[in-house]
Amino acid sequence: MGPKTQLLNYGLIGNGQTCALVSREGSMDWLCMPAFDSSFVFDKLLDAENGACFSIQPVNMDRYSVQQAYEKNSNVLITTYQSAKDTFRIHDFMPRWEIWDGSRAHAPMEVYRYVEVLAGEPEVTIHFQCHLNYTNDTLQSSILDHATILFQRETEKLYLTSDISPPRHHHAATHPAKSIGIFCFVLRRTRS
């Protein structure tokens with residue numbers, strides 16, 4: 001047998017302009033934004049050790065069973081985590097809707113990750129690292145307000161907005177979901 005092969009087990013979300021791959025472990029490992037031929041934001045799929053990703057994972061992941069499925073008649077990916085005491089879901093999607101006359105669609109450069117606690121008091125670890133313009137260079141980052149972090153490289157900007165306070169180091173934090181209940185992250189990319 002040849003070199004070791006790795007099973008790729010990902011859910012796909014998209015809006016007709018681009019798409020992202022989300023693992024069963026809650027990690028968004030691939031995203032080009034704003035279009036399929038744009039530079040990547042997350043590239044962990046290509047480099048498991050140094051690649052960028054946006055992960056929301058339960059503390060003690062080995063205690064959870066995981067199921068991944070799509071909401072009926074939609075491209076909303078739902079990943080459900082269940083342990084003996086705790087259950088929560090992550091809803092991942094990219095918005096797209098028809099303009100009122102049905103002649104065209106609007107697909108903003110946004111990704112939504114919505115976490116819903118169903119039972120217990122799970123703790124989750126949130127890790128966010130992004131790349132812009134095919135570089136591993138450190139990005140300038142700043143907290144804009146109580147809910148938004150701006151990542152910037154030259155004219156490229158990436159905003160991470162959430163209804164929980166951003167961590168001081170912008171990259172990883174553990175949150176007790178019991179005090180949050182439901183929380184949402186919105187990722188938006190712009191060019192100056």
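Taking θ as phi - 60°, what are the ³J(HN,Hα) couplings along region 86-93 by the Karplus curve (6.51, -1.76, 1.60), each to the nearest whole Hz, with x for Gly and Pro?
Per residue, the Karplus-derived 3J(HN,Hα) values read 10, 9, 8, 10, 10, 9, 10, 6 Hz.
Through the Karplus equation 6.51 cos²θ - 1.76 cosθ + 1.60, θ set to phi - 60°, convert the phi angles of region 149-162 into ³J(HN,Hα) values in whole Hz; use x for Gly and Pro.
Rounded to whole hertz, the list is 10, 9, 10, 9, 9, 6, 8, 8, 10, 10, 10, 10, 10, 8.
For a quick protection proxy, order the peptides 154-162, 67-75 by their average other-Cβ count within 10 Å, most packed first.
Result, highest mean Cβ count within 10 Å first: 154-162, 67-75.
If N is the number of residues in region 1-157, what value comes out of its Cα radius of gyration divided by 2.2 N^0.38 Å?
Dividing the Cα radius of gyration by 2.2 N^0.38 Å gives 1.13.
For region 32-48, what does the Karplus curve 6.51 cos²θ - 1.76 cosθ + 1.60, with θ = phi - 60°, yield as ³J(HN,Hα) per residue in whole Hz, taken in order and with x for Gly and Pro?
Values, residue by residue: 9, 8, x, 9, 4, 9, 7, 5, 7, 9, 10, 9, 4, 4, 8, 9, 4 Hz.
Along its principal axes, what span do the Cα atoms of region 37-102 show, with the longest given first and each in whole Å?
Cα spread of region 37-102 along its principal axes, largest to smallest: 49, 32, 13 Å.
No value in this document is a laboratory result; all are computed from the given coordinates. All figures in this text were calculated on a predicted structure; none of them were measured in a lab. Cβ sites come from the backbone with ideal geometry, for glycine too, and all protein chains shown count toward neighbours.
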